[in-house]
Amino acid sequence: MKSQNSRICIVILINLLLTSLIALINSRLSVWGVFLYLPGLFIILSSNILDVKNGIVASIITGIHLDTLLHTPLGFHAILLAFIFLLVREWQENHRVFKTWRPIFLQIIVNIIFFLFGIFGY
Amino acid sequence: MAKKSNNRKVKPFLYLGFFAICWWGIPSSIKLFTQSTFREFQAPIWEISSRIEDLSNYWGHLSDSKRTLITKGKEFKRLTSDLELQKIRSKEIVTEINRLQNLHQSISRLNKLLNINSSQNFESVIARVSVRKMSGWWQQMTIRKGYNNRLQIGNGVIYNKGVIGRLINVDSRSAEIEIITNPNFRIVAHFGNDTRPVTFQGNGIDLGGQPYGIVLDVPYDIIPKKGEPLQLITSSLGGNFPHGMPIGNVYKLEGAEDGLFKTGKVIIDRSINEVLEVTLLIPE
């Protein structure tokens, strides 16, 4: 239990740090009209080291952080991240054999899902 | 056994669905409070990063080579001699200022006589940009000043090339600017030599980084000449900007769907993507 608590704290901290770093990189890239939108990055770590309950909490907190940062309706990233976290975890439980391409593939799929939601939502 | 396992799998989704419904029903005041708390939490990160950047620039100059220092010294000497010339010119400027002040007074007198409100005055506050968020869908900037500096939601924001946006969120030590390219940004505008109001709306940033907007409700007799774009400027009708601040250029106008007015693409200066400092206009 104690280990899970410290894990969720570390995951949330890493996610917040990553979000801030991406925002700073985007701030620089704006000169060339490029914007990195990578919510998929926050799924893999949570799904690998957190249990379902803690993973949902971490996804919701990270999602709210993203919503505030990107000015999306509060809850959009929070709920969608938590939902995709559950799907990815479920998928990982059914496919236990590790393959190097899997996390990359998953991230690309998750980013595309968010991108499509973004396009149709706005 | 299989049913039990399925229940275990479905449970988290049900809980999340329940959470989503609860979230949807939460009063917007609580959501606004949460959002504001997260924004206040993020603000120091942007401020620190922006200050570190300033500091690294400063340290970068500290380690300038002798050759760079000699070049800078030469530039400094040139500027000093230019300053001497400017001092001589200042007498002429003082006379000009007096003349303009007299004119301003007579305009105010005439306005009073005609019962017209004199144009609104603004106090300017300079702020550093801490982070730019320029995605294809929404464009914002965060600055290092907030309501501690008397900023308010809706204040107009300008930079050396014209209008940049208006404040949409103001926290204690930071504020967010909605950039003119944001599709939610809409203001009254005028064309350079025309007094009739038109509507300007943001429309995003191209993949190459070209910011643009659209102009709506343009009267049919306004036609841009080839090679001579029409300059779109702000109107004082909105109240957030003074009259005449540049917004962008219009090269082409097309008939709108209603058949009564024309519409066109407004090309905004690219430097909007790399602004480091902005001026906030606080109505007096």
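Residues in segment B:244-279 that are in a loop (DSSP other than H, G, I, E, B) and surrounded by fewer than 15 Cβ atoms within 10 Å (Cβ to Cβ): B:Gly244, B:Glu257, B:Asp258, B:Gly259, B:Leu260, B:Leu276. A residue that is surrounded by 20 or more Cβ atoms within 10 Å (Cβ to Cβ), touching a Ser or Thr at 6+ places or on another chain (Cβ under 8 Å) and either within 14 Å of chain A (Cβ to nearest Cβ) or without any contact (Cβ under 8 Å) to a residue 40 or more places away in the chain (or both) occurs nowhere in segment B:148-167. Here A:Gly40 meets each of (1) away from chain B (no Cβ under 11 Å); (2) free of Cβ contacts under 8 Å to residues at least 60 places away in the same chain with one exception, condition (2). Could we say that A:Gly55 is out of contact with any His (no Cβ under 7 Å at 6 or more places or on another chain) and either in a helix (DSSP H, G or I) or more than 24 Å from B:Tyr15 (Cα to Cα) (or both) here? Answer is yes for this residue.
Residues in segment B:33-47 that are at the interface with chain A (Cβ under 10 Å from one of its Cβ atoms) and hydrophobic (A, V, I, L, M, F, W, C): B:Phe38, B:Phe41, B:Ile45, B:Trp46. Restricting attention to segment B:48-68, which residues are closer than 15 Å to B:Leu276 by Cβ and hydrophobic (A, V, I, L, M, F, W, C)? Passing the criteria: B:Ile52, B:Leu55. Please find, within segment B:179-200, the residue that is nearest to B:Val129 (Cα to Cα) out of those that are crowded, with 23+ Cβ neighbours inside 10 Å and under 11 Å from the mean Cα position of the chain (by Cα). The residue in question is B:Ile179.
Considering only residues in segment B:185-244 that are within 14 Å of another protein chain (Cβ to nearest Cβ) and of a type in the set (Phe, Trp, Tyr), the one that is nearest to A:His71 (Cα to Cα) turns out to be B:Phe185. Taking each residue of segment A:58-70 that is over 14 Å from A:Phe42 (Cα atoms) and looking for partners that are assigned to a helix (DSSP H, G or I) with beta-carbon atoms closer than 7 Å, six or more apart or interchain, yields A:Thr68/B:Gln35; A:Thr68/B:Phe38; A:Thr68/B:Arg39; A:Thr68/B:Gln42; A:Leu69/A:Thr19; A:Leu69/A:Ala23; A:Leu69/B:Gln42. Scanning segment A:63-83 for residues that are assigned to a helix (DSSP H, G or I) and over 19 Å from A:Ile112 (Cβ atoms) yields A:Ile64, A:His65, A:Asp67, A:Thr68, A:Leu69, A:Ala78. Restricting attention to segment B:219-243, the residues that are part of a strand (DSSP E or B) and either out of contact with any Gly (no Cβ under 7 Å at 6 or more places or on another chain) or closer than 22 Å to B:Gly209 by Cβ (or both) total 4. Is segment A:73-83 home to any residue that is surrounded by 21 or more Cβ atoms within 10 Å (Cβ to Cβ), out of contact with any Asp or Glu (no Cβ under 9 Å at 6 or more places or on another chain) and not aliphatic (A, V, I, L, M)? No: segment A:73-83 contains no residue that is surrounded by 21 or more Cβ atoms within 10 Å (Cβ to Cβ), out of contact with any Asp or Glu (no Cβ under 9 Å at 6 or more places or on another chain) and not aliphatic (A, V, I, L, M). Against the condition over 35 Å from the mean Cα position of the chain (by Cα), within 11 Å of chain A (Cβ to nearest Cβ) and not small (Gly, Ala, Ser), how does B:Leu14 come out, does it pass? Spelling it out, B:Leu14 is indeed over 35 Å from the mean Cα position of the chain (by Cα), within 11 Å of chain A (Cβ to nearest Cβ) and not small (Gly, Ala, Ser).
B:Asp64 meets the conditions (1) in contact with a strand residue (DSSP E or B) (Cβ under 9 Å, 6 or more places away or on another chain); (2) not in a helix (DSSP H, G or I) in every case but one. The failed one is (1). Residue count for segment A:84-101, restricted to those that are more than 12 Å from every other protein chain (Cβ to nearest Cβ), loosely packed, with under 15 Cβ neighbours inside 10 Å and assigned to a helix (DSSP H, G or I): 1. Can you spot a residue in segment B:52-67 that is outside the structural domain of B:Glu176 (by TED's automatic domain parsing), within 30 Å of A:Asp51 (Cα to Cα) and not aromatic (Phe, Trp, Tyr)? Taking every residue of segment B:52-67 in turn, none turns out to be outside the structural domain of B:Glu176 (by TED's automatic domain parsing), within 30 Å of A:Asp51 (Cα to Cα) and not aromatic (Phe, Trp, Tyr).
In segment A:27-43, which residue that is under 21 Å from B:Glu176 (Cα atoms) and aromatic (Phe, Trp, Tyr) is surrounded by the fewest Cβ atoms within 10 Å (Cβ to Cβ)? Within segment A:27-43, the match that is surrounded by the fewest Cβ atoms within 10 Å (Cβ to Cβ) is A:Tyr37.
Look at A:Ser46 and say whether it is assigned to a helix (DSSP H, G or I), crowded, with 21+ Cβ neighbours inside 10 Å and touching a residue at least 24 places away in the same chain (Cβ under 8 Å). Considered against the rule, which asks whether it is assigned to a helix (DSSP H, G or I), crowded, with 21+ Cβ neighbours inside 10 Å and touching a residue at least 24 places away in the same chain (Cβ under 8 Å), A:Ser46 comes out as yes. Between B:Leu207, B:Leu237, which is of a type outside the set (Val, Ile, Thr) and in contact with a strand residue (DSSP E or B) (Cβ under 7 Å, 6 or more places away or on another chain)? That would be B:Leu237, the only listed residue that is of a type outside the set (Val, Ile, Thr) and in contact with a strand residue (DSSP E or B) (Cβ under 7 Å, 6 or more places away or on another chain).
Let's see how each residue does on (1) touching a helix residue (DSSP H, G or I) at 6+ places or on another chain (Cβ under 8 Å); (2) surrounded by fewer than 10 Cβ atoms within 10 Å (Cβ to Cβ); (3) of a type in the set (Lys, Arg):
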site	(1), (2), (3)
B:Phe38	yes, no, no
B:Ile48	no, no, no
B:Asp54	no, no, no
B:Tyr58	no, yes, no
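The values are calculated or read from the model by the stated rules, or taken from the named source; none is laboratory data. These numbers were taken from a predicted model, which means no experiment stands behind them. Here the Cβ is made from the backbone with ideal geometry for all residues, glycine too, and neighbour counts use every protein chain on show.
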